[in-house]
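Structure record follows, encoded as structure tokens.
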Ligand code: DX5
Ligand code: ZN
């Protein structure tokens, strides 16, 4: 995808028309200052000054919203909520939903030294983006779009479910002082992992008695974690208590947003925010795939799923890099290639050149999976691994932390239009557990492929899928665009039910 298409795509995701922000300005907002480390880009304008501006508008728009929507909240409550929403971790979650890391321009050493772009870099670019949007539009537009994007985080914070809003340290201190006239003491015991992904370990003691050991990506977070465990041990754990009473208007604001996130281009379109629809062109008309791509565009699906079959790993043949390359200029969607082929390592560079954003290889087709995954990433694509219905989820235990996605097959690969294998639901749940046990919820997406239709979709989402591949239930219907729009609607409702 060329830069112009990428920019158009990003602006659309933000609810802006193509060209709403001048290309140069947008490019500057997306350029992290680490580019100055590279000789050839040393003098490229970077986003530092725009970040300064964006930071102010984020703060202003969220403060304004809290002030007008929560007339009874104290300054302390509002500050706490705002601090949570304006944090690197909340911003990086919003940015992840936008897939912002795909658009970031940064130094090559920074990019190659990290499997995942650092939270702080993603948050920094997220901030500068609003600086650029303000310069190109006006304050009311900027504020409205900011609220649209941060709404899920705001909702979490307001409902008291965000960990950061629960100040465990303060609660523990109050409790310990009140009950024992003692102050808890924190000590950092050790750290673990490389610089850009370090885990901190902290213990908390009361009068020399160990109350808990916490872990986190910063010392502060580890302390909060330790305090949370200590409160649990002391039996004063205050689970998810809502600190701020929520006025009806606020609840309505969230309900509207989750059920009906309107798209600038088509106000009646309902789009999910955390779940992705990936229609498979396998069931589209092969004599005119351009039409299929246009339908995916009009149906507002998030990704294009491309089923590559080699007649060897699976008993069917479809297409390869040349066809994908020919399709690339006709779509700005994420190209999600599912390689059902033996020896995928021999063709990865071709798939990258063809313009795939994501490549998923089969566990069963790779002798050296770790190496293949590293190659996919070196080529600048997101790496996925797929499991056939008979391969245990546990096989991914040692590699999960290196993946961006796991694709669970809910049919035997090879053909569209087969029936969903119900056992897949248990497998999704096992994968959700494995992912949680390694704290990889923010990194690894779960994609499910095969036999999904209106009836099986709710169970697949309930079990924990983030991305759903749908082939025949989209393209073998009289009006695929309408079908995709109603799948999006169904996904938005399921998101509200199971992910909010
Ligand atoms: C099957 C493919 C699927 C297929 C799904 O081998 O990987 O992506 O297109 O098609 P349906 O939705 O028809 O099962
Ligand atoms: Zn597939």
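Computed from the coordinates by the stated procedures, all read-outs in this text should not be read as laboratory data. Remember, predicted model here, so these are calculated numbers, not experimental data. Every residue, glycine as well, gets a Cβ built from its backbone with ideal geometry; the counts of neighbours run over all protein chains shown.
Here are the numbers for this structure:
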item: First in the stretch 404-424 and farther than 27 Å from residue 373 by Cβ, second anywhere and within 12 Å of ligand 1 (Cβ to nearest atom), Cβ under 6 Å, 6 or more apart; result: 417/472; 418/411; 418/451; 419/451; 420/410; 420/451; 420/456
item: All positions within the stretch 79-95 that are part of a helix (DSSP H, G or I) and surrounded by fewer than 18 Cβ atoms within 10 Å (Cβ to Cβ); result: 79, 83
item: Single residue of 440, 434, 425 found to be more than 16 Å from ligand 1 (Cβ to nearest atom) and part of a helix (DSSP H, G or I); result: 434
item: Scan of the stretch 443-472 for residues that are in a loop (DSSP other than H, G, I, E, B), within 20 Å of residue 497 (Cα to Cα) and over 19 Å from the mean Cα position of the chain (by Cα), ordered by number; result: 452, 453, 454, 455, 456
item: Given (1) away from ligand 2 (no atom under 15 Å from the Cβ); (2) more than 20 Å from residue 289 (Cβ to Cβ); (3) not in a helix (DSSP H, G or I), number of the condition residue 384 does not satisfy; result: (1)
item: Criterion (surrounded by 20 or more Cβ atoms within 10 Å (Cβ to Cβ) and more than 16 Å from ligand 2 (Cβ to nearest atom)) met by exactly one of 353, 332; result: 332
item: Residue match in the stretch 427-434 (condition: away from ligand 2 (no atom under 13 Å from the Cβ), without any contact (Cβ under 8 Å) to a residue 12 or more places away in the chain and at negative phi); result: yes
